[in-house]
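Here is the structure we will look at, set down as structure tokens.
The values are calculated or read from the model by the stated rules, or taken from the named source; none is laboratory data. Quantities reported herein were computed from a predicted structural model and do not represent experimental measurements. All Cβ positions, even for glycine, are placed from backbone atoms using ideal geometry, and neighbour counts span all protein chains on display.
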Amino acid sequence: MTRVDALLKYPASVKSAIKLQEQFAHMVSLIPRKVPPTITGIDLSYSTQSLKNDISRAVAAAVTVRLPSLEPVETAIASGTIPFPYVPGCLGFREVPLAAAAIEKLDNDPCVILFDGHGIAHPRKFGAASHCGLALGIPSIGCAKSAFTTTQTCQIAMEQFASQPSWLRKQVVGHAIRMAEGVNPVFMSPGHLVDMASALQIMRCCSSGFRVPQPIRLAHEAAGREKKQLSSSPPRDWLDPLP
């Protein structure tokens with residue numbers, strides 16, 4: 001994996017984070033990609049224990065599954081303290097360093113990562129999925145539960161995989177898609193090294209009958225289990241995300 005170290009560090013301020021997003025957004029590349037043999041879901045779970053100065057404790061999980069069976073192949077966990085606050089539009093700088101630590105613990109490099117967050121459907125076209133994909137040089141797709149963009153969700157049919165485009169400044173940057181019949185849609189957008197059509201095709205392979213794609217569901221469950229174990233542990237048991 002080719003790392004961009006500037007994207008794997010916590011910025012000194014929100015202003016500097018936004019500048020980095022504007023600097024690196026033009027490096028995002030969207031290219032056709034076939035459905036991979038495996039896909040890796042990424043999700044973080046945060047401790048409810050409050051720390052000073054906007055510092056949070058969190059667990060990141062990376063779960064790789066086979067396609068199309070969705071059978072889990074391997075899981076990696078990283079836990080640590082996160083010194084960057086929650087700021088809408090800057091989720092990548094809050095979550096990607098710890099997510100990268102989990103990804104780098106996998107025995108096999110991911111073919112594609114499916115990140116619980118936005119890709120290019122973002123005010124600066126550099127959501128957490130684009131951030132993570134570019135930072136690690138891995139094809140990535142974003143899948144979020146809420147939208148940064150304009151989407152007519154009321155016009156989406158109720159059947160599985162029905163979708164409507166998401167618009168940002170008169171450009172289609174993603175799709176709202178129902179992953180199962182009757183469930184609320186999720187908001188998919190390409191992250192890096194995957195184009196729109198390929199991202200939609202890959203997303204359709206990740207449904208297990210729930211609103212959230214199975215790779216992210218499994219990552220969410222794995223992170224939650226680890227967080228529960230660590231919540232009763234002393235602070236030293238929460239590992240630093242990166243050396």
ask   = Scanning segment 115-162 for residues that are of a type in the set (S, T, N, Q) and modelled with pLDDT of 95 or more, which turns out nearest to P36 (Cα to Cα)?
value = S140
request  = Look at segment 163-186 and say how many of its residues are among the aliphatic types (A, V, I, L, M) and in contact with a strand residue (DSSP E or B) (Cβ under 7 Å, 6 or more places away or on another chain).
outcome  = 6
request  = Filter segment 127-147 for residues that are part of a loop (DSSP other than H, G, I, E, B) and either more than 20 Å from the chain's Cα centre (by Cα) or surrounded by 20 or more Cβ atoms within 10 Å (Cβ to Cβ) (or both) and give the result.
outcome  = G127, I138, P139
request  = Only residues that are of a type in the set (S, T, Y) and loosely packed, with under 11 Cβ neighbours inside 10 Å: list them for segment 17-51, please.
outcome  = T48, S50
ask   = Got a sec? Which of T48, T75 is part of a strand (DSSP E or B) and more than 26 Å from R124 (Cα to Cα)?
value = T75
message = Checking A222 against (1) over 19 Å from A61 (Cα atoms); (2) assigned to a helix (DSSP H, G or I), only one condition comes out false. Which one?
response = (1)
task = Determine whether segment 115-123 contains at least one residue that is more than 28 Å from L230 (Cβ to Cβ) and not in a loop (DSSP other than H, G, I, E, B).
result = no
key: When residues of segment 194-211 are limited to those that are part of a loop (DSSP other than H, G, I, E, B) and touching a Gly at 6+ places or on another chain (Cβ under 9 Å), the one farthest from T48 (Cα to Cα)   = V194
task = Output the residues belonging to segment 200-243 that are under 12 Å from Y46 (Cα atoms) and either surrounded by fewer than 21 Cβ atoms within 10 Å (Cβ to Cβ) or at pLDDT below 95 (or both).
result = H220, G224, R225, E226, K227, K228, L230, S231, W238
